[in-house]
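Have a look at the structure below before the remarks.
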Amino acid sequence: MERWNLRWGTAQDDLVVTASGALAVITGPLEVNQAIGFRLRLWEGERWLVPNDGVPYERYFEKGMPHEMVLQDVLMEIYSDERIEQVTQLEIQSFDAKERRLTVYFEAVTVTDETLKGQVGA
């Protein structure tokens with residue numbers, strides 16, 4: 001059974017509406033990429049019904065936090081999607097503890113052998 005999801009527009013940070021007025025649907029590797037982006041934008045504890053979901057970004061802004069720990073947590077979050085076979089690249093593009101901003105770039109291969117690329121900021 002193929003998964004599908006509503007398409008989220010990152011530019012307007014809202015659902016995408018087609019020219020006919022319907023909500024846009026996203027499937028396949030684009031949906032996987034979107035789902036990973038949602039996972040990586042979710043701060044741990046942000047959803048009160050599932051407080052353990054999300055990335056523990058809060059602790060990354062403590063003084064002296066090694067970037068390797070950040071990458072390890074982000075990597076685990078990407079692999080928590082069962083459609084991911086392998087993460088081929090993961091890097092911190094920007095890290096600003098004062099402004100509490102983090103941007104990561106990832107490349108991954110799905111179980112159906114499709115390549116995903118994404119940049120996510122939290």
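A compact table of results
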| item | result |
| --- | --- |
| Condition check for ASP73: under 13 Å from the mean Cα position of the chain (by Cα), part of a helix (DSSP H, G or I) and modelled with pLDDT of 85 or more | yes |
| When residues of region 53-69 are limited to those that are assigned to a loop (DSSP other than H, G, I, E, B) and within 16 Å of the chain's Cα centre (by Cα), the one surrounded by the most Cβ atoms within 10 Å (Cβ to Cβ) | GLY54 |
| Residue within region 90-104 that is among the acidic types (Asp, Glu), closer than 26 Å to ALA24 by Cα and in contact with a strand residue (DSSP E or B) (Cβ under 9 Å, 6 or more places away or on another chain) present | no |
| Some residue of region 105-116 being among the acidic types (Asp, Glu) and either touching a helix residue (DSSP H, G or I) at 6+ places or on another chain (Cβ under 9 Å) or free of Cβ contacts under 8 Å to residues at least 12 places away in the same chain (or both) | yes |
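The values are calculated or read from the model by the stated rules, or taken from the named source; none is laboratory data. Because the structure is predicted, anything quoted here is derived from the model rather than measured. All Cβ positions, glycine included, derive from the backbone under ideal geometry; neighbour counts span all protein chains shown.
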